[in-house]
Amino acid sequence: MSGVADDVIDALHAVHDELAPVAGSLTGEQLTGPSAASRWSVAQVLSHLGSGAVITKATLDAAVAGRPNPGLDANRAVWARWDAMSPEEQRAGFLEADGELLAAYDALDDRARADLAVDLGFLPQPVDVATAGRFRLNEAALHSWDVRVALDPSARVHPDAVPLLLDQLGLMLGFLAKPATLGRRAVDVAVSLSEPTTSLGLHLEEARCALGEPATAPDARLTTSAEAWLRLTTGRLGPAYTPDDVTVSGTISLDTLREVFPGF
């Protein structure tokens with residue numbers, strides 16, 4: 001499992017290295033301008049990433065030391081401190097905190113990367129470093145896109161992160177999907193992805209959303225890149241950011257899928 005952890009840590013570095021120079025070059029007006037994250041400015045996204053880095057490092061440090069997860073009260077204190085920062089302080093704090101988190105991941109030896117149990121505080125049991133790191137990668141890669149696309153509408157989620165986040169998607173689908181918007185309809189969507197190439201089935205009904213094998217006779221078909229699929233399921237495939245090669249046919253539309261996946 002340490003090989004997967006290595007890949008996740010490498011992807012975290014790649015995402016940081018892509019965002020850091022962009023964040024460092026932002027003007028005051030750009031920092032306070034809107035990001036692609038609903039209701040957040042660019043600086044607030046960086047603040048979220050920075051406070052998340054502090055919390056993730058504290059969680060990792062506790063696992064290494066054999067201590068319990070620091071807990072929600074500790075997280076609230078971190079959020080309050082970051083909320084009180086100026087936009088410039090949030091930018092500088094993100095760059096520093098994310099660098100410190102990456103250094104903490106880099107310091108893990110092969111045994112820790114394979115065997116360390118990390119209590120994230122919101123799952124029923126501890127997980128390995130690869131799984132814990134993917135939760136951070138999900139946050140880092142998608143919110144990096146929220147910042148970069150505000151400056152460049154053609155921005156994409158870093159390619160090193162995409163296949164790793166696809167593996168994590170099944171764990172997060174219950175949080176991401178709001179299938180009640182379909183009413184009482186049940187819909188099976190055959191999803192064909194490229195880069196990497198894969199096929200899967202998306203089952204939607206009023207109280208359930210699940211991924212699995214494609215249905216034999218699906219109600220609808222979606223063809224897209226894996227990167228665009230990842231953004232669709234996390235509420236980041238608005239009309240202005242949708243590639244031309246995204247196609248949907250059958251009994252459901254792309255706009256309806258956007259409603260099912262409103263994002264975070």
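Using a 1.4 Å probe, what is the accessible area per residue for region 78-225, in Å²?
Details: 7170 Å² over 148 residues.
Heavy-atom SASA per residue in region 78-225 reads 48 Å².
Which of the listed residues, 149, 247, 182, is farthest toward the dipole's positive end in the chain, when Lys, Arg count +1 and Asp, Glu count -1 at the beta-carbon?
After comparing all options, I get 182.
Between 0 and 90 degrees, rounded to the nearest ten: what's the tilt of helix 2-25 against the longest Cα principal axis of the chain?
80 degrees
For region 164-264, what relative contact order do you get, as a whole percent, if you take Cα pairs closer than 8 Å and at least 6 residues apart? Intermediate results must be reported in sequence, preceding the final value.
Numbers: 193 pairs, mean separation 29.8, N = 101.
Rounded, it is 29 percent for region 164-264.
Express as a percent, rounded to the nearest 5, the fraction of DSSP beta bridges in the chain (both residues included) that run antiparallel.
75 percent
On the accessible surface of region 3-127, probed at 1.4 Å, how many percent belong to carbon and sulfur atoms?
C and S fraction of accessible area: 53 percent.
Got a sec? Charge dipole of region 10-150, +1 on Cβ for Lys and Arg, -1 for Asp and Glu; which of 40, 99, 51 is way out at the positive end?
So the residue furthest toward the plus end is 40.
Which value in deg cm²/dmol, rounded to the nearest 500, describes the helix-derived mean residue ellipticity at 222 nm for the chain, given -39,500 (n - 2.57) per DSSP H run of n ≥ 4 and division by the residue count?
-17500 deg cm²/dmol
Output the peptides 174-181, 132-139, 45-52 sorted from most to least packed, where packing is the average of other Cβ atoms within 10 Å over each peptide's residues.
45-52, 132-139, 174-181
Sort 258, 231 by accessible area with a 1.4 Å probe, largest first.
Result of the area sort, largest leading: 258, 231.
If I model a spin label at residue 81 and residue 186 as a point 7 Å from the Cα along the Cα→Cβ vector, what separation in nanometres do I get?
It works out to 5.0 nm between the two label points.
Taking 0.36 nm per residue of sequence separation and subtracting the Cα-Cα distance, how much length would be gained by fully extending the chain between residue 106 and residue 215, in nm to one decimal?
Gain in length upon complete extension: 35.0 nm.
The values are calculated or read from the model by the stated rules, or taken from the named source; none is laboratory data. Just so you know, these numbers come straight off a predicted model, no measurement behind them. Neighbour counts run over all protein chains shown; Cβ positions are idealised from the backbone, glycine included. Keep in mind that these areas ignore ligands, DNA and RNA; they rest on the heavy atoms of the full protein, side chains included. Shrake-Rupley method; radii C 1.70, N 1.55, O 1.52, S 1.80 Å.
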